[in-house]
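Just below is one structure, and these are the notes that go with it.
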Amino acid sequence: MFPYFIMLVFCGIPLFFMELSFGQFASQGCLGVWRVSPMFKGVGYGMMVVSTYIGIYYNVVICIAFYYFFVSMTRVLPWTYCSNAWNTLDCVGVLDGNLSSHAAVNLTRLFNATQKRTSPSKEYWRRYVLNLSDDIGNLGEVRLPLLGCLGVSWVVVFLCLIKGVKSSGKVVYFTATFPYVVLTILFVRGITLEGALTGIMYYLTPQWDKILDAKVWGDAASQIFYSLGCAWGGLITMASYNKFHNNCYRDSIIISITNCATSVYAGFVIFSILGFMANHLGVDISKVADHGPGLAFVAYPEALTLLPISPLWSILFFFMLILLGLGTQFCLLETLVTAIVDEVGNEWIIRRKTFVTLGVAVAGFLLGIPLTTQAGIYWLLLMDNYAASFSLVVISCIMCVAIMYIYGHRNYFKDIEMMLGFPPPLFFQICWRFISPAIIFFILVFTVIQYRPISYNEYVYPTWAISIGFLMALSSVICIPIYAIYKVCHSEGDTLLERLKNATKASKDWGPALAEHRSGRYAPAFSPSTESHLEVQPLHPEKARNEAAAASPAQGSNGSAHSQDSRL
């Protein structure tokens, strides 16, 4: 937890505030904001690629949670016993045959003595839900139950986003708050179980021998980027719908701390029940603790079978996972849709944004089908480890450098002061300019030095699969230099230096979206003869209409009085 909090304070919160202020100031998505320095628009494209990858496999995780949610609606959870057709002779369940204390001792000896022991939940996961193949290249058949749940997931996401942020904003009130109710119910139940304290102590006790392991710091950085949504483009997109003078500094502090406090709180919920399970089996908690899919779909479901009325707790747990996943998926899909609509920018696509949302959802469903095959979990973990970890760190680092050193930190601090009424605090100024980029850079370097190939339990990924993983990671990062070269080649200037200068210089239309906010150095300078003939349009017309519909007829985007027929 120590690396986690260090990354939160010096990287997570500062980058979260930077992205919120960036999107809110320009009222643009992850592509439009790069009018600040057009040569770096590739960063926005990189964010879109990362969001695409995450959106594809993240909804597969949600669909598996949907599947477990549906099968939990029974009197006995299907992964409780070893008497099913998919079980092997190595399966040993803690509840099989109403174990006596003597049998439980024998079970403990068996658990400690052999690596062959598999739990009913693990065999249910591997042999029934996934019907796991032996190799990533052996796709096998599509698992129809998972395919159906994937369709349900995408339909739910589309319906919640059918009217853009208007509809998703209302749904998020439920998806963001109800998980706290479920977490509290599970926490109260967990801490009352025997052995819960052991699990909590294991969770809170630092493992100082791993403090110098670059992978630990890399994992902490990845967790911060994932939980806060940094470098996905979602923060910039959602902030672009804020009113111009909204206090995003306050929002960034509250949301970041609340988000990470929730993660810590969820850890107490998870490890209290895992401690109970370890106590029940008579083994060390490290034997039952797992990570990734193994924790959500193997270890925790097995622990739930030990509770009275286990189907109820299982339904609550997986319903919570679904809500948490949907909240993230809303943001990812809205990021892609907003970027597409903003980039095209004409009236035709703005009026048909619902069809754009539908198209993105259908494409996401089709691209997710391979992940529902028998080898799908191998591909899911490959995308998770390569497509959306290394890339996030690189994109964040380049974003900091572009804003602070190319656009200029003084310019950006003045922009924030014009928007909020005060400059960013000194701590954030130092973090943006020095600390955050330096930490991200060193983590990146040491992660490369201490790189270890990906594996899934006993399965080691072949070289060709790892190569595909690196290509996925590079596919988002490569957008940055490719677009930079393209922009330099198409910029005005007789020499390379002149072209480079013009490519990095802020566009004329960079700044607040509405004319009434374009004061100071953003104030337009027109001659009196042209004033009566010049019509002003918002830089973000779709957002202007959204705000206008939500407020009054004369209310535009960012909450300022604005009419599309107003004239200077």
Worksheet entry | With every protein chain in place, segment 380-492: carbon and sulfur % of accessible area (1.4 Å) | 71 percent
Discussion item. I'd like the carbon and sulfur percentage of the solvent accessible area for segment 156-211, probe radius 1.4 Å, heavy atoms only, ligands and nucleic acids excluded.
Written reply: 72 percent
Worksheet item: Taking the alpha-carbon set of segment 430-514, what are its Rg and Dmax in Å?
Response: 19.7, 59
Practice prompt. Excluding residues fewer than 8 places away in the same chain, name every one of the lysines whose C-alpha is closer than 25 Å to that of residue 508.
Written response: 41, 243, 414, 487, 543
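Between residue 144 and residue 188, what FRET efficiency follows from the Cβ-Cβ distance if R0 is 41 Å, with the result rounded to 0.05?
On the way: r = 38 Å, r/R0 = 0.93.
For R0 = 41 Å, the calculated efficiency reads 0.60.
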Worksheet, complete the sentence: Listed by chain and number, the residues whose amide H is under 5 Å from that of residue 118, excluding neighbours fewer than 5 places away on the same chain and using placed H, are 91, 92
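Which percent of the accessible area of segment 225-284 is formed by carbon and sulfur heavy atoms (probe 1.4 angstrom)?
65 percent
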Worksheet item: How many nm separate the modelled label positions at residue 496 and residue 347, each set 7 Å beyond the Cα in the direction of the Cβ?
Response: 4.6 nm
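Would you kindly state how much longer the chain becomes between residue 486 and residue 166 on full extension, computed as 0.36 nm times their sequence separation minus their alpha carbon distance, in nm to one decimal? Write out the running numbers ahead of the final one.
Working: separation 320, 0.36 × 320 = 115.20 nm, distance 3.64 nm.
Here the answer is 111.6 nm.
Residues of the chain: accessible area per residue at 1.4 Å, in Å²? Could the numbers behind the result be given before it?
Details: 25350 Å² over 568 residues.
Roughly 45 Å² per residue, with all protein chains present.
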Discussion item. Just to confirm the number: angle between the C-alpha axis of helix 479-489 and the first principal axis of the chain, 0 to 90 degrees, nearest 10?
Written reply: 20 degrees
Discussion item. As I understand it, the value is the acute angle between the Cα axis of helix 409-420 and the longest principal axis of the Cα atoms of the chain; what does it come to in degrees, rounded to 10?
Written reply: 90 degrees
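If packing is taken as the mean number of other Cβ atoms within 10 Å per residue, what is the order of 378-390, 172-184, highest first? List each step's numbers first, then the result.
Numbers: 378-390: 22.2, 172-184: 14.9.
Top of the packing list down: 378-390, 172-184.
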Worksheet item: By what distance, in whole Å, do the Cα atoms of segment 118-270 stretch along each of the three principal axes, largest value first?
Response: 57, 44, 36
Worksheet entry | For the chain: span of alpha carbons on each principal axis (Å, largest first) | 97, 48, 44
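Find the relative contact order for the chain and round it to a whole percent, using C-alpha pairs within less than 8 Å whose residues are 6+ positions apart.
30 percent
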Worksheet item: For the chain, list the cysteines whose Cβ sits under 4.7 Å from no other cysteine Cβ?
Response: 11, 30, 160, 230, 248, 260, 331, 397, 400, 431, 479, 489
Fill in: Range in the chain, longest, excluding exposed GluC sites (Glu not before Pro) [loop by DSSP; at most 13 other beta-carbon atoms within 10 Å]
195-457
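The values are calculated or read from the model by the stated rules, or taken from the named source; none is laboratory data. Given the structure is predicted, the values throughout are model-derived calculations rather than measurements. Ideal geometry is used to build each Cβ from the backbone, glycine not excepted, and the neighbour counts take in all protein chains shown. For the accessible areas, the whole protein counts, side chains as well, though only heavy atoms, and no ligand, DNA or RNA atoms are used. Shrake-Rupley method; radii C 1.70, N 1.55, O 1.52, S 1.80 Å.
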